[in-house]
Amino acid sequence: MRAVRGYFQVQNFLEVETPTRVFSPGQEVHIDAIPASDGRYLMTSPEYHMKRLVAAGLPRIVQFCRCFRAEEAGPIHQPEFTMVEWYRAGGTMDDLVRDCEVIVEVAARAVGNWPTVSIPANRRGANQNNRFTIEAPFARTTVRELFSDHAGFKLRGDESSDELRNLAERAACRVGPDAGWDDIFYQVFLDRIESHLGVEHPTVVLDWPLPMAALARRKADDPLTAERFELYAAGLELANAFGELTDPVEQRARFEAEAALRRQRGGAVYPIDEKLIEALGHMPATCGIALGFDRLVMLVTGASHIREVLAFAYDET
């Protein structure tokens, strides 16, 4: 952590703190918050408050913080975990990829595993020789390329749920009759694609379909695609980045649609962060990213289970 902090200091980032207990933890359908008190929740991500800081005039900010999500503990998951999240006003997605390349390098050098690390054979994502190269430049691909190469069909992003279900079934993916577009997408991604990502070298997966945009803006030259990438390495999803949406009208519409979907599926519905909506109207063009710090340490140390990099794991305390 000291080595990674050093990178951000050299890059003139301001380290900030935001509240842990919040009224609006987020509306993403597949992320559930843990209730705190007084109608608040433990934050799932510092994203909303950090964007308000960018809108208030802070161009480069970073935060190392604890985040909380209502999910089961497992080899790469903890309900309480450490996140590193940073924003670059005026920055590009290429800037964020380069940030990730340097951060992985300084973390690996800090523990003496550069430019390769040994991956335990029993860990998800291990390759035949159990060696993983982590030096830059990282490989790059797109969601559409991955679906074409590994699922055998072209993904547009405007398919109906029934059309996507038929394509998934042709790719031998089993999906339930009531599965929504996002569920079908994830099932194909997990069944046919994820095992091919970051096997020998870190891989940046760019250009996600608009239904998976969350808080990312549309690409100017492709309205069916969002400015988003995820970073995969040795079986780990390490980071999720957005070219941030700054249109308050579109963001409200997305929040309302996600809330309706959560309600339909029987999930908790959280309040919309009205202060964030107001701030977006003053926010400059910005790129932001969240990186799972515990998983980064797993990568550079070659750990097979997230418990190995934590002094006090959630399921052992």
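The values are calculated or read from the model by the stated rules, or taken from the named source; none is laboratory data. Every value quoted in this text rests on a predicted model; they were computed, and no experiment measured them. Cβ sites come from the backbone with ideal geometry, for glycine too, and all protein chains shown count toward neighbours.
Listed here are the strands (runs of 3 or more DSSP E) enclosed by the range 192-253 that have at least 1 residues being at pLDDT below 95 and not small (Gly, Ala, Ser): 222-233, 236-243. With respect to the conditions (1) in contact with a Lys or Arg (Cβ under 6 Å, 6 or more places away or on another chain); (2) over 24 Å from ALA253 (Cβ atoms), TRP208 lacks only one, and its number is (2). Only one of the numbered conditions (1) without any contact (Cβ under 8 Å) to a residue 12 or more places away in the chain; (2) of a type in the set (Lys, Arg); (3) touching a helix residue (DSSP H, G or I) at 6+ places or on another chain (Cβ under 9 Å) is violated by ARG252, and that is (1). Of everything in the range 288-317 that is assigned to a loop (DSSP other than H, G, I, E, B) and in contact with a helix residue (DSSP H, G or I) (Cβ under 6 Å, 6 or more places away or on another chain), the residue that is surrounded by the fewest Cβ atoms within 10 Å (Cβ to Cβ) is ALA313. The numbered conditions (1) over 22 Å from GLN251 (Cα atoms); (2) not in a loop (DSSP other than H, G, I, E, B) are all true for ARG88 except (1). On the given criteria, is PHE185 part of a helix (DSSP H, G or I), of a type in the set (Phe, Trp, Tyr) and either at pLDDT below 95 or within 22 Å of the chain's Cα centre (by Cα) (or both)? Against the criterion (part of a helix (DSSP H, G or I), of a type in the set (Phe, Trp, Tyr) and either at pLDDT below 95 or within 22 Å of the chain's Cα centre (by Cα) (or both)), PHE185 qualifies. Answer with yes or no whether ALA168 is over 30 Å from MET298 (Cα atoms), free of Cβ contacts under 8 Å to residues at least 40 places away in the same chain and not in a loop (DSSP other than H, G, I, E, B). So ALA168 fits the description; yes. Residues that are under 17 Å from SER24 (Cβ atoms), surrounded by 17 or more Cβ atoms within 10 Å (Cβ to Cβ) and not aliphatic (A, V, I, L, M) within the range 255-287 comprise PHE255, GLU258, ARG262, TYR270, ASP273, listed in sequence order. I want to confirm something. Restricting to the range 59-81 and keeping residues that are among the aromatic types (Phe, Trp, Tyr) and in contact with a helix residue (DSSP H, G or I) (Cβ under 9 Å, 6 or more places away or on another chain), which single residue is surrounded by the fewest Cβ atoms within 10 Å (Cβ to Cβ)? Among them, the one singled out is PHE64.
Among the residues of the range 280-304, the ones that are farther than 17 Å from GLY243 by Cβ and either touching a strand residue (DSSP E or B) at 6+ places or on another chain (Cβ under 9 Å) or not small (Gly, Ala, Ser) (or both) come to 12 in all. Evaluated against (1) part of a loop (DSSP other than H, G, I, E, B); (2) farther than 26 Å from PHE185 by Cα; (3) free of Cβ contacts under 8 Å to residues at least 60 places away in the same chain; (4) not acidic (Asp, Glu), LEU53 falls short on exactly one condition, (1). Might you check whether a residue that is of a type in the set (Phe, Trp, Tyr) and touching a residue at least 60 places away in the same chain (Cβ under 8 Å) occurs anywhere in the range 171-189? Within the range 171-189 (the criterion being of a type in the set (Phe, Trp, Tyr) and touching a residue at least 60 places away in the same chain (Cβ under 8 Å)), the answer is yes, since at least one residue qualifies.
Do the conditions hold for VAL84, that is, is it surrounded by 19 or more Cβ atoms within 10 Å (Cβ to Cβ) and under 18 Å from GLY288 (Cα atoms)? Taking the combined requirement at face value, the residue satisfies it. All conditions in (1) touching a residue at least 12 places away in the same chain (Cβ under 8 Å); (2) not in a helix (DSSP H, G or I) hold for VAL97, with the sole exception of (2). Screening VAL111 on (1) out of contact with any helix residue (DSSP H, G or I) (no Cβ under 7 Å at 6 or more places or on another chain); (2) more than 30 Å from ARG218 (Cβ to Cβ); (3) surrounded by fewer than 17 Cβ atoms within 10 Å (Cβ to Cβ); (4) of a type in the set (Val, Ile, Thr) shows it passes everything except condition (1).
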